[in-house]
Amino acid sequence: MQQWLIAWIKSALIEVQEYVKLCQATARGAVTRPFYWRDLVTQMEIIGLGSLTVVILTGLFTGAVLALQSGVTLDQFGARPYVGRLVSATMVKALGPVLTALMLAGRVGSGIAAELGSMAVTDQIHALRALGTDPVRKLVVPRVLAGFIMTPLLTAVANTVGLIGGWVIAVFQLRVASGLYWSSVVEGLYIEDVYMGIIKPFFLGLVIVTVGCHVGLRTSGGTQGVGRSTTNAVVAASVGVLAVDFFLTRLILSVLYP
Amino acid sequence: MTIASTAGEAARPAAATVEPIAVFEDVHLAFDEKVVLRGVSFAVMPGHTKILLGASGSGKSTILKLMLGLLKPDAGRIWVHGERVDTMRERDLLALRDQTGMVFQEGALFDSLTVGGNVGYKLYGETDLPEEEIQRRIEELLGFIGLDEYLERMPSELSGGQRRRVAIARAMAFKPKLLLYDEPTTGLDPLTALTVDAEIVKLRDLEDVTPVVVTHQLRDAFYIAGHQAIRDPGVRLVPAPPEKVAEADFVMLREGKIVFEGSADELRCASDPYLREFLS
């Protein structure tokens with residue numbers, strides 16, 4: 001049991017060390033030449049446009065459910081007109097960034113881990129190095145930058161669609177006037193909330209893509225290994241998103257809301 | 001101290017005046033508890049064929065990865081093109097790899113690129129050559145391996161033998177002086193394997209590319225050692241003269257140790273029970 005524990009701790013520490021090394025190499029690769037612009041554009045399209053449908057659907061139904069649930073609760077206090085305030089504050093500060101990131105962890109994180117994992121087990125990563133290309137610059141940097149840029153944009157889309165979803169329920173089911181809903185949405189938001197909603201997705205995007213790349217590049221064990229890596233990437237990225245969201249929220253609260 | 005002298009017994013006395021293109025000196029490597037190489041020493045002379053034989057897991061492929069700097073040894077020294085690759089930084093290794101090509105098991109072609117994209121990958125990505133010149137070089141390489149009509153095909157549309165030959169063309173794009181073949185004929189039928197063997201011989205004799213071939217297919221190993229390519233005026237493969245056959249050096253690995261090093265004839269005459277069993 002003790003030996004198993006030591007081996008587990010050792011392998012966990014090695015994973016952390018390799019993850020940090022990959023992040024360092026990625027940071028270096030992002031600011032030095034050569035830079036693969038074409039790959040960056042391709043990845044922005046894959047991560048951004050490719051995830052748009054799932055993010056829109058997530059945002060829409062989350063906003064709708066929020067309005068529905070909070071409408072029932074607010075009714076107890078006769079505060080139904082304030083439903084927009086609740087939807088906007090919850091979507092922009094918390095649920096929008098986290099749910100978008102979790103959806104991206106499932107779609108983008110798994111895709112990256114599977115793609116890089118397949119390349120690793122078929123020696124394509126070694127082939128890249130043999131051909132004089134740094135795999136971190138060619139494969140990791142464009143994906144990480146694309147995730148860093150596209151996650152906040154997708155979160156903004158999810159938030160907007162979420163507010164629209166809330167509006168649909170507020171107007172057609174809760175019978176709240178449209179103007180009242182939107183003024184309530186604006187009243188419920190402070191500039192600090194908007195900052196929080198903008199800052200978080202940058203970091204969550206980084207977590208999703210770096211974890212996907214790290215797990216993918218360390219894949220071994222053939223097709224079975226690729227499957228294992230894909231699962232691990234989704235689980236690790238999802239847990240990472242929730243943990244980073246918690247610590248970021250604490251940090252931002254202490255800085256922006258003194 | 002020159003590389004030839006540091007190679008010690010690994011370099012042959014007859015070639016003492018010629019610098020080896022690659023040298024391994026007392027190289028050790030282990031992955032966790034598993035020892036992969038135990039004190040491996042040998043030299044690769046320019047223009048000569050080095051054939052690494054051995055059962056699966058004997059450390060053959062690892063030697064190629066060490067030679068290319070894809071792995072680092074735990075101990076020992078490795079020179080390739082006169083440079084110490086075991087201590088070299090990845091950044092410098094990327095430049096050194098311009099002179100060394102590698103053909104991986106199964107080809108390791110990039111799935112998302114066409115045959116032309118794979119062959120021209122390095123030219124497109126790492127050079128500023130004009131488009132027309134890159135296209136001309138790709139067509140020349142595909143013509144050399146007899147696959148010039150496959151330019152726009154995807155790797156998934158190719159047979160196993162075609163994939164290996166495209167991998168050879170890709171490795172040749174930068175005109176390397178040393179080409180490493182990792183099990184180039186494994187999984188191929190005998191006739192298709194011969195087409196891959198022929199490419200290795202043609203590149204060695206007509207393009208001055210020194211081959212290091214890892215294989216456990218004895219038939220292919222002896223074919224490569226025993227043939228030479230000539231132009232008269234078309235390219236033809238003929239049985240090699242004895243002095244040419246003697247230039248092919250066979251290395252047999254067993255559990256990470258070299259148990260035999262010599263010519264094809266010496267290997268055939270070996271009396272060691274393990275070698276006899278391997279040859280049978």
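Would you tally the residues in the range B:23-49 being within 21 Å of residue B:203 (Cα to Cα) and in contact with a Ser or Thr (Cβ under 8 Å, 6 or more places away or on another chain)?
Number of matching residues: 6.
Please count how many residues of the range A:140-154 are farther than 22 Å from residue A:20 by Cβ and either within 12 Å of chain B (Cβ to nearest Cβ) or β-branched (Val, Ile, Thr) (or both).
Residues flagged as farther than 22 Å from residue A:20 by Cβ and either within 12 Å of chain B (Cβ to nearest Cβ) or β-branched (Val, Ile, Thr) (or both) within the range A:140-154 amount to 1.
Which one of these does residue A:237 not meet: (1) within 23 Å of residue A:94 (Cβ to Cβ); (2) without any contact (Cβ under 8 Å) to a residue 40 or more places away in the chain?
(2)
Filter the range B:115-147 for residues that are under 23 Å from residue A:34 (Cα atoms) and in a loop (DSSP other than H, G, I, E, B); which is farthest from the other protein chains (Cβ to nearest Cβ)?
B:130
May I ask you to say which residue of A:167, A:182 is touching a Ser or Thr at 6+ places or on another chain (Cβ under 8 Å) and either within 14 Å of another protein chain (Cβ to nearest Cβ) or aromatic (Phe, Trp, Tyr) (or both)?
That would be A:167, the only listed residue that is touching a Ser or Thr at 6+ places or on another chain (Cβ under 8 Å) and either within 14 Å of another protein chain (Cβ to nearest Cβ) or aromatic (Phe, Trp, Tyr) (or both).
Hey, can you tell me all the residues within the range B:225-247 that are of a type outside the set (S, T, N, Q) and in contact with a Lys or Arg (Cβ under 8 Å, 6 or more places away or on another chain)?
B:229, B:230, B:235, B:237
Select, from B:95, B:108, the only residue that is within 10 Å of chain A (Cβ to nearest Cβ), without any contact (Cβ under 8 Å) to a residue 60 or more places away in the chain and at positive phi.
B:108
For the range B:77-105: of the residues being out of contact with any strand residue (DSSP E or B) (no Cβ under 6 Å at 6 or more places or on another chain) and among the polar types (S, T, N, Q), which is surrounded by the fewest Cβ atoms within 10 Å (Cβ to Cβ)?
B:87
Would you list the helices (runs of 4 or more DSSP H) that sit entirely within the range A:123-228 and hold 1 or more residues that are open to solvent by 40 Å² or more (accessible area, probe 1.4 Å), acidic (Asp, Glu) and under 30 Å from residue A:79 (Cα atoms)?
By residue number, A:178-187, A:191-217.
Restricting to the range A:125-139, name every residue that is more than 7 Å from chain B (Cβ to nearest Cβ) and not hydrophobic (A, V, I, L, M, F, W, C).
A:135, A:137, A:138
It is to be established whether one or more residues within the range A:212-225 are free of Cβ contacts under 8 Å to residues at least 40 places away in the same chain and more than 16 Å from residue A:96 (Cβ to Cβ).
Checked against the condition, which is being free of Cβ contacts under 8 Å to residues at least 40 places away in the same chain and more than 16 Å from residue A:96 (Cβ to Cβ), the range A:212-225 yields at least one hit.
Just to be sure I understand, how many residues within the range A:113-122 are open to solvent by less than 20 Å² (accessible area, probe 1.4 Å) and either at pLDDT below 95 or away from chain B (no Cβ under 14 Å) (or both)?
Qualifying residue count, the range A:113-122: 1.
Counting only residues that are open to solvent by 30 Å² or more (accessible area, probe 1.4 Å), in contact with a strand residue (DSSP E or B) (Cβ under 7 Å, 6 or more places away or on another chain) and farther than 17 Å from residue B:173 by Cβ, which one in the range B:201-217 is modelled with the lowest pLDDT?
Ranking the qualifying residues of the range B:201-217, first place goes to B:216.
Select from the range B:183-198 the residues that are more than 14 Å from every other protein chain (Cβ to nearest Cβ) and crowded, with 22+ Cβ neighbours inside 10 Å and write down the one among them that is farthest from the chain's Cα centre (by Cα).
B:193
Taking residue B:74 as meeting all but one of (1) open to solvent by 40 Å² or more (accessible area, probe 1.4 Å); (2) charged (D, E, K, R); (3) touching a helix residue (DSSP H, G or I) at 6+ places or on another chain (Cβ under 8 Å), write down the number of the exception.
The single condition residue B:74 does not satisfy is (3).
Looking only at the range B:175-182, decide whether some residue is away from chain A (no Cβ under 12 Å), more than 30 Å from residue B:223 (Cβ to Cβ) and not hydrophobic (A, V, I, L, M, F, W, C).
Checked against the condition, which is being away from chain A (no Cβ under 12 Å), more than 30 Å from residue B:223 (Cβ to Cβ) and not hydrophobic (A, V, I, L, M, F, W, C), the range B:175-182 yields no hits at all.
Which ones in the range B:48-89 are outside any loop (DSSP other than H, G, I, E, B), touching an Asp or Glu at 6+ places or on another chain (Cβ under 9 Å) and within 14 Å of chain A (Cβ to nearest Cβ)?
B:61, B:64, B:65, B:66
Please specify each residue of the range A:97-124 satisfying the condition of being of a type in the set (Ser, Thr, Tyr) and more than 21 Å from residue A:141 (Cβ to Cβ).
Across the range A:97-124, the qualifying residues are A:100, A:122.
Take residues that are farther than 30 Å from residue A:171 by Cβ, open to solvent by 80 Å² or more (accessible area, probe 1.4 Å) and without any contact (Cβ under 8 Å) to a residue 40 or more places away in the chain and tell me which of the helices (runs of 4 or more DSSP H) falling wholly in the range A:1-103 contain 1 or more.
By residue number, A:2-31, A:37-44.
State whether the residues of the range B:56-69 include one that is of a type in the set (A, V, I, L, M) and under 24 Å from residue B:228 (Cβ atoms).
Looking through the range B:56-69, at least one residue is of a type in the set (A, V, I, L, M) and under 24 Å from residue B:228 (Cβ atoms).
The values are calculated or read from the model by the stated rules, or taken from the named source; none is laboratory data. The model shown is predicted, which means the values in this text are computed figures rather than measured ones. Virtual Cβ from ideal backbone geometry, glycine too; neighbours counted across all protein chains shown. What goes into the accessible areas is simple: the full protein's heavy atoms, side chains included, and nothing from ligands, DNA or RNA. Shrake-Rupley method; radii C 1.70, N 1.55, O 1.52, S 1.80 Å.
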